[in-house]
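Derivation of every value follows stated rules applied to the coordinates shown; laboratory data play no part. Nothing here was measured: the structure is a model prediction, and the numbers come from that model. Neighbour counts are summed over all protein chains in view; Cβ atoms, including those assigned to glycine, are modelled from backbone coordinates with ideal geometry.
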Amino acid sequence: MNADESDLNTLLDRIERGETDLYLGVVRRYELMLRSYLAAQLYDISEADDLAQEVFLAAWRDLGSFRRDGDFGAWLRGIARNRLLTHFRSQQRRASAVERFQAEVARVAEEEMEAGARHDESGRIERLLHCISRLPEKLRRVVHAGLEGARPAALAEELQTTVPAIYQLHYRANQLLRDCMTKEAQP
Amino acid sequence: MNDDLSLFLQAWTGGAEVSEAERQRLLQRFETEAAFRAECVEEIRLLGMIKAAQTPSPRWLDVQDALGLSQAAESSAAEDDLASRVLRSVRSESPTRLRTRWLAWRPLAAAAAVMLAFAFWWQGRVQVHVVASSAPGLSAGTSLGREVCEIESGTLELLTDRGARVVIEAPARFEFLTAQRLRLMRGRLSAEVPPNAKGFTVVTASGEAVDLGTRFGVDADAPSGAEVHVFEGEVIAHAGQRVSLKAGEAGTLQKAAVSRRDLREAAFISPAENGALAEGLRQGRAAMAEEWRTRYAKDAALVLWEDFEHDEREGSFRRVQGRWPGSVSLEFAEKGDFAPLNLATEAAQFTLLAWVRLDRLPEAMQSIYHGHDYDQQPGTVHWLVRQNVGTMLLPVSGTRRLDFDGEKERDRLRLYPASQHSVRGSVGRWTLMAVTYDSATGQVCFYQDGRLDNEERVTAGVMARFGEARLGNWNRQDRVLSGRLDDFIVIRRVLPAAEIHAFYEATKPY
């Protein structure tokens, strides 16, 4: 068991003994990972955050069922997958084309998503913020703006280019971000 | 990026129209081709991570409720109105699903008590993210809590949990009292405040500024009291009285009153410029500029390279950050500001170069360099930016433009050589202004950012004189530069265009 897991088990022990406020520390520790995982399947961050809260609440109520030799992050993601399924099913009739597409992608890529999230060690997401700040200005603007709804079209107009070009720029930015995060992770 | 990956991302993000037939085809490919699926998953995982990293964490109100965080806390006189401010803030915001589910069934009185408890609990839970930093000791990706922070050089770009984006320029001393209240004890900042962070407040020693959306700046070090400059939206300036400042307005907080003043939007570094400065730093631009300084130090024609780093001169100006973190520039902002200079030399040829960051183009001339006794001493040099028009002028006493026709010309300032283009486009960013003078030929050349802008001919044969002079103003005080001056250089020869261009490329900060 590594230091982080030992530290988490100590936290869980204290929570079970009545120091319930400490659960917020658990939330803080895993919120970025969980929000990223959900946003990678919904993209809409407010929907992702609503589901993340449901996951944290469900985990709180069911904390006693978590096996102490298990991976807490994986356990949370398991709860998240169930919530996602419920979310997609409840939307089925009134879902937009985008939402139906996302639901199908999430269904097909469930294993790949979990495999990818399992390898996201702590600090990777923190490094991402630093790497975003180092992007060239044009790429940073595209990354800051995001790709949902009318944003690509608005940005394309501002930069006097096309919507596919905005996606191309974001793809280029993603390549630079991955390189940067890999370099930053090296001792 | 291949076409199908691009289409896939467009369909997945919803940022572009993709036909149903194409969606089905992409899903088919996604399901059956592992390599394509892996490529798409890699992209959407990173998109999700970016989304989560850039969006502040929500307030987990339902989790708080489930944990039963409802104990009342002790209150103090200073925090009596905190609950009402919190409640006003909650009521004024668009309800989100997180908040409405919680508030839907509780009576307002009980809600107020819980919000008060939550607000007091929340005070100890300040978490502000460092998005970008050129300040030593504070790197991007770290977080600040409720602590006093001091930076002596560089800039910090911070993102609060509610999405307010703040750029703080050193030297500065500050503390986030809560996620929505920032105490600025020293330094200046600019803030971009989204609707979710409405009510973001900057507290200074002489008053506070409450933002009602969306962009404003605060200078805590201004001599007459903290200044609030509103670029967009509205800010309530509070100092004894409450004054609404709207876009384009500025005020000085003077403990018992708020007095109006001129807006200086470009005096504040925005997040966009901060990013460009950080990129320039990362590219090693400060070191490149230093190399050129070392090179010119060996040039026998160099009269002066003033970077103001170890400057002890008297005058009326503020020392603020220059083009690089830790560098110094002189800021001239008020009517009487100036810095004295006496080179006590003459030159048959000269080049003047200056890195300047103008705040605005007012309805008055702005003086970069202004020699005294213009009317008594031939060859006295003035280097100016003309009011309203914003072109550079170089009057040298005893000379005039050869093609100036005094009888036909109504604009008397056409007597002097001028640049062709205005420096207006350079307001709010560092720009290199340069001018050359050759008394043998009467040729005067103007440069902006390393590019030759205009060439004029004046009366030949007048030796230039650099005696007692002022930087940033003239001796009648009403030609204040209104901006920053970094690296003022005087060389006793005419630099060719190629050399000025190379100088610009090597010493620019962006």
*asked:* Could you tell me the extents of the protein assembly as shown's C-alpha atoms along the three principal axes, largest first, rounded to whole Å?
replied: 93, 64, 49
*Other chains near B:134-147: what is the mean number of their Cβ atoms within 10 Å of each residue's Cβ?*
2
*Just flag the trypsin sites (Lys or Arg not before Pro) in the range B:276-362 sitting in loop per DSSP whose Cβ has no more than 15 other Cβ atoms within 10 Å.*
B:K298, B:R313, B:K335
*Once the piece of chain linking B:Q24 and B:A460 is laid out straight, how much longer is it, given 0.36 nm per residue of separation minus the C-alpha distance between them?*
149.1 nm
*Cα gyration tensor shape of the range B:414-478, rounded if a/c is under 1.5, else prolate or oblate by comparing a/b with b/c*: oblate
_Estimated D of the range B:320-403 in µm² per second, where Rh is the Kirkwood radius over Cα pairs and Stokes-Einstein applies at 37 °C, 0.692 mPa s_ = 221 µm²/s
*lysines within cross-link reach of B:K198: Cα-Cα under 22 Å, excluding same-chain residues under 8 positions apart?*
B:K51, B:K246
*For chain B, what is the percent of antiparallel DSSP beta bridges, rounded to the nearest 5?*
95 percent
*Roughly what would the spin-label model give for B:R295 and B:D405, points 7 Å off Cα along C-beta, in nm?*
4.5 nm
*Residue exposure sequence - A:D179, B:D411 - by fewest surrounding Cβ within 10 Å*: B:D411, A:D179
_Mean shadow area of chain B over all directions, Cα convex hull, nm²_ = 32.0 nm²
*Taking the Cα atoms only, what angle lies between the long axis of helix B:82-92 and the longest principal axis of chain B, rounded to 10 degrees?*
90 degrees
_chain B, helix-only ellipticity at 222 nm - DSSP H runs n ≥ 4, -39,500 (n - 2.57), divided by all residues, nearest 500_ = -7500 deg cm²/dmol
_Residues with amide H under 5 Å from that of B:A247, placed H, sequence gap 5 or more_ = B:G233
*Mind pulling the angle between the C-alpha long axis of helix B:20-32 and the longest principal axis of chain B? Nearest 10 degrees, somewhere in 0 to 90.*
80 degrees
*Under 5 Å between amide H atoms, partner at least 5 residues away or on a different chain: which partners does B:M185 have, H built in plane at 1.01 Å?*
B:R173, B:F174, B:E175
*Taking the Cα centre of chain B as origin, work out the dipole magnitude from +1 charges on Lys and Arg Cβ and -1 charges on Asp and Glu Cβ, in debye rounded to 20.*
980 debye
*Obtain the nm distance between the two label points defined at B:A257 and A:E110 by a simple spin-label model: each point lies 7 Å from its Cα along the Cα-to-C-beta direction.*
7.1 nm
_Average beta-carbon neighbours from other chains, 10 Å sphere, peptide A:165-173_ = 4
*Using the Cα gyration tensor of the range B:433-510, with a ≥ b ≥ c the square roots of its eigenvalues, what is the shape: rounded (a/c below 1.5), prolate (a/b larger than b/c) or oblate (neither)?*
oblate
_Per-residue ³J(HN,Hα) for the range B:202-218, Karplus 6.51 cos²θ - 1.76 cosθ + 1.60, θ = phi - 60°, Hz, x for Gly and Pro_ = 10, 9, 10, 5, 10, x, 9, 10, 9, 7, 9, x, 9, 9, 7, x, 10
*Which trypsin sites (Lys or Arg not before Pro) does the range A:9-105 hold that lie in a coil by DSSP with at most 16 other beta carbons within 10 Å?*
A:R17, A:R67, A:R68, A:R93, A:R94
*Taking every residue in A:36-45, how many Cβ atoms of other protein chains lie within 10 Å of its Cβ, on average?*
6
*asked:* Testing the spin-label approximation: label points 7 Å from Cα along Cα→Cβ at B:R360 and B:S143. State their distance in nm.
replied: 4.0 nm
*Among B:W305, B:W474, which comes first, then next, by fewest other beta-carbon atoms within 10 Å?*
B:W305, B:W474
_Table column - 3J(HN,Hα) (Hz), the range B:400-414, Karplus curve with 6.51, -1.76, 1.60, x for Gly and Pro_ = 8, 5, 5, 9, 7, 9, x, 7, 9, 7, 7, 7, 5, 6, 6
*Using only Cα atoms, find the angle between the long axis of helix B:34-54 and the longest principal axis of chain B, and express it within 0 to 90 degrees, rounded to the nearest 10.*
80 degrees
*Around B:L277: net Lys/Arg minus Asp/Glu count, Cβ-Cβ under 12 Å*: +1
*Enumerate the aspartates and glutamates that B:K508 could reach by cross-link, defined here as Cα to Cα under 15 Å, with residues fewer than 8 away along the same chain left out.*
B:E273, B:E279, B:E290, B:E291, B:D307, B:D449, B:D486, B:D487, B:E499
*Name the residue farthest towards the positive end of the dipole of chain B from the options B:V130, B:G371, B:F503, assuming +1 on Cβ of Lys and Arg, -1 on Cβ of Asp and Glu, about the Cα centre.*
B:V130
*Kindly identify the range B:354-510 as rounded, prolate or oblate by the Cα gyration tensor criterion: order the square roots of the eigenvalues as a ≥ b ≥ c, call it rounded if a/c is under 1.5, otherwise compare a/b with b/c, prolate if a/b is larger, else oblate.*
rounded
_R0 of 45 Å, Cβ-Cβ distance B:R451-A:D71: FRET efficiency to nearest 0.05_ = 0.15
*From phi via Karplus (6.51, -1.76, 1.60), per-residue ³J(HN,Hα) for the range A:35-51 in Hz, x at Gly/Pro*: 5, 4, 4, 6, 5, 6, 10, 10, 6, 5, 5, 6, 5, 4, 5, 4, 5
